[in-house]
Amino acid sequence: MGVRAYLLVDVADDMEQQEFITTLRELEEMPGVDFVDPVIGSRDMVIMVDAPVTVEAIASKIRAKKWVKDLEILRIVSMFERHRVSKRELLKALSRSGV
């Protein structure tokens, strides 16, 4: 498993339904893309990415498509990593306070 992230994508307002369906299928075939789901809300699709090193390369390829209006990257952080970081911050704060 590499670096995982969700890409939240807005598509161009003038995109036709058939073009949208074709785009979803093409994205699913991209290396590093685990799945693509259309959504209703502030975004039009969610793309799950699992990249060997960085998600930026995949995001850049998608962002360069003419139909992309906006793209946001949400990196997935494991609970263990979050715990490690918060534990380090807690230890630093305790050492500064003299406890």
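The values are calculated or read from the model by the stated rules, or taken from the named source; none is laboratory data. Since the model is a prediction, treat every value here as computed from it, not as a measurement. So basically every Cβ, Gly included, is an ideal-geometry build from the backbone, and we count neighbours across all protein chains shown.
Quick notes on this one:
- Matching residues, segment 32-66, being touching a strand residue (DSSP E or B) at 6+ places or on another chain (Cβ under 9 Å), at negative phi, in a loop (DSSP other than H, G, I, E, B) and of a type outside the set (K, R): V39, S42, D44, P52, V53, T54, V55
- Pairs where the first residue, in segment 3-29, is at negative phi and in contact (Cβ under 8 Å) with a residue 24 or more places away in the chain and the second is surrounded by fewer than 16 Cβ atoms within 10 Å (Cβ to Cβ) and of a type in the set (S, T, N, Q), C-beta under 7 Å, 6+ apart: V3/T54
- Filter result for M45 (surrounded by 14 or more Cβ atoms within 10 Å (Cβ to Cβ), under 15 Å from K69 (Cα atoms) and at pLDDT below 95): no
- Evaluated against (1) exposed (fewer than 10 other Cβ atoms within 10 Å of the Cβ); (2) modelled with pLDDT of 90 or more, V36 falls short on exactly one condition, (1).
- Whichever residue in segment 75-99 is farther than 30 Å from T23 by Cα and of a type in the set (V, I, T) and, among such residues, is modelled with the highest pLDDT: V85
- One residue alone among I76, I58, I47 is β-branched (V, I, T) and under 17 Å from M15 (Cβ atoms), and that residue is I47.
- For E72, the conditions (1) outside any helix (DSSP H, G or I); (2) modelled with pLDDT under 95; (3) not β-branched (V, I, T) all hold with the exception of (2).
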